[in-house]
Amino acid sequence: DAITKWFASADRPKEEVIVVIDPDNWLLKDVAPWVDQVSKGHALGEAAYYHGSRTAHRLWRELCLKNCDVDIDTVGVPYVVHRDDLAVIAPLWRMYVLLIKDRLEKSNPKHEEFAETYKSLDVNWAAEMYGYNFASTHAGVKHTVVRRMQVRDVDGERRKSVLEDVAMIHVGRAWFPPDYA
């Protein structure tokens, strides 16, 4: 919603490539090496925790409205995407998130079945990630899946040599106490 409104505003993005990160990403260095690889129709994204999941592809097939025969690129933030592509993706992104959320609503007679079918995906927690993946596929934007553009605080310790090229830390769960279920 916010990205769609940004594109409609007087302050719409002028940069050719946009890097979408979560508010809990901590930038460590310049992301230009990834930005330089993006062109219209071709974006980059960090491998999502569900990368390679057949269940994620099954969810796409259930909800897709266009390009249903195309496999989704299972990426998470950061998304590095051409401005023109993001302008098309943004409203679709919102639409797919709302489709997922609607399926999870208690007012939906099949919400329990949907939640159980896609429980392994943690679809309620990550609806915006799936929404982005689905919107990108719908829009025909392909992603190169990259690794180590960021590290996540839940991934365990890494050797210093592995971290030298990492551009950011995603600290999404750092606040959870050790005994959190």
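Annotations
- Condition met for residue 109 (of a type outside the set (Val, Ile, Thr), more than 15 Å from residue 56 (Cα to Cα) and surrounded by 16 or more Cβ atoms within 10 Å (Cβ to Cβ)): no
- Test for residue 40: is it at pLDDT below 95 and among the basic types (Lys, Arg): no
- Flag if residue 80 is in contact (Cβ under 8 Å) with a residue 24 or more places away in the chain and in contact with a helix residue (DSSP H, G or I) (Cβ under 7 Å, 6 or more places away or on another chain): yes
- In the stretch 24-37 there is at least one residue that is within 24 Å of residue 123 (Cβ to Cβ) and touching a His at 6+ places or on another chain (Cβ under 6 Å).
- Those residues of the stretch 115-128 which are outside any loop (DSSP other than H, G, I, E, B), small (Gly, Ala, Ser) and farther than 8 Å from residue 97 by Cα, in sequence order: 115, 120
- The stretch 4-34 - residue that is open to solvent by 40 Å² or more (accessible area, probe 1.4 Å) and of a type in the set (Val, Ile, Thr) and, of those, modelled with the lowest pLDDT: 21
- If you check 48, 56, 90 for being within 16 Å of residue 147 (Cα to Cα), surrounded by 12 or more Cβ atoms within 10 Å (Cβ to Cβ) and under 14 Å from the mean Cα position of the chain (by Cα), only one passes: 48.
- Filtered residues of the stretch 59-83 (kept if open to solvent by less than 40 Å² (accessible area, probe 1.4 Å) and assigned to a helix (DSSP H, G or I)): 59, 60, 63
- Scope the stretch 105-151; condition over 24 Å from residue 2 (Cβ atoms) and within 12 Å of the chain's Cα centre (by Cα); matching residues: 145
- Residues in the stretch 129-180 that are more than 29 Å from residue 91 (Cβ to Cβ), in a loop (DSSP other than H, G, I, E, B) and at pLDDT below 70: 153, 154, 155, 156, 157, 158, 159, 173, 174, 175, 176, 177.
The values are calculated or read from the model by the stated rules, or taken from the named source; none is laboratory data. What you see is a predicted model; the values in this text were computed from it and never measured. No Cβ is skipped: glycine too gets one built from the backbone with ideal geometry, and neighbour counts run over all protein chains shown. For accessibility, only protein heavy atoms count, side chains too; no ligands or nucleic acids. Shrake-Rupley method; radii C 1.70, N 1.55, O 1.52, S 1.80 Å.
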